[in-house]
Amino acid sequence: MNKIIYCIYLKKKTKGLKKKVYPGILGEKIYKNISEIAWSIWIKHQTIFINEKKLNMLKKKDRKILENEMKNFLFKN
């Protein structure tokens, strides 16, 4: 059964994520407020962002930059 949520990114009710896709409190917020569609849009943007900024996901500083971009992208559009 698909759960229906109000997606903050799309600003409408739509199908929610099937499972948590990110750890911690932020992961819980994403699970409750971001739809499958919005998450797939983020994944595409994330790939472009990592490549353009030449981020190295092995570096904590770069992971933090990506996390901040994710928060801005999903919750402040």
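Label region 4-75 by shape, choosing from rounded, prolate and oblate, from the square roots a ≥ b ≥ c of the eigenvalues of the Cα gyration tensor; if a/c is under 1.5 it is rounded, and otherwise prolate applies when a/b is larger than b/c, oblate when it is not.
Prolate, since a/c reaches 1.5 and a/b exceeds b/c.
In debye, nearest 20: dipole of the chain around its Cα centre with unit charges on the Cβ of K, R (+) and D, E (-)?
Once rounded to the nearest 20, the dipole reads 160 debye.
What angle do you read, to the nearest 10 degrees and between 0 and 90, between the alpha-carbon axis of helix 60-75 and the longest principal axis of the chain?
In the chain, helix 60-75 runs at an angle near 30 degrees to the longest axis.
What 222 nm value per residue comes from the helices of the chain, counting each DSSP H run with n ≥ 4 as -39,500 (n - 2.57) and dividing by all residues, nearest 500 deg cm²/dmol?
-18500 deg cm²/dmol
Taking the chain, which trypsin sites (Lys or Arg not before Pro) meet the DSSP loop condition and have no more than 15 other C-beta atoms within 10 Å?
Lys3, Lys11, Lys18, Lys19, Lys20, Lys54, Lys59, Lys76
Here is the link list: Lys12/Lys71; Lys32/Lys76; Lys3/Lys32; Lys11/Lys64. Which ones come out longer than 21 Å on Cα distance?
Listed pairs above 21 Å: Lys11/Lys64.
Have a look at Ala38, Pro23, Phe73 and report the one farthest towards the positive end of the charge dipole of the chain, computed about the Cα centre with Cβ charges (Lys/Arg +1, Asp/Glu -1).
Among Ala38, Pro23, Phe73, the one farthest towards the positive end of the dipole of the chain is Pro23.
Can you give me the distance in nm between label points at Lys64 and Tyr6, each placed 7 Å from the Cα along the Cα-to-Cβ direction?
Going by the 7 Å Cα→Cβ label model, 3.4 nm.
Mean separation of Cα pairs under 8 Å and 6+ residues apart, divided by the residue count of region 4-75: what relative contact order is that in percent?
Taking the mean separation of contacting Cα pairs over the length of region 4-75, I get 28 percent.
Taken together, the values in this text are just the output of simple stated rules run on the coordinates, not laboratory data. Computed from a predicted model, the values in this text were never measured in an experiment. Don't worry about glycine lacking a Cβ; one is built from the backbone with ideal geometry, like all the others, and counts go over all protein chains shown.
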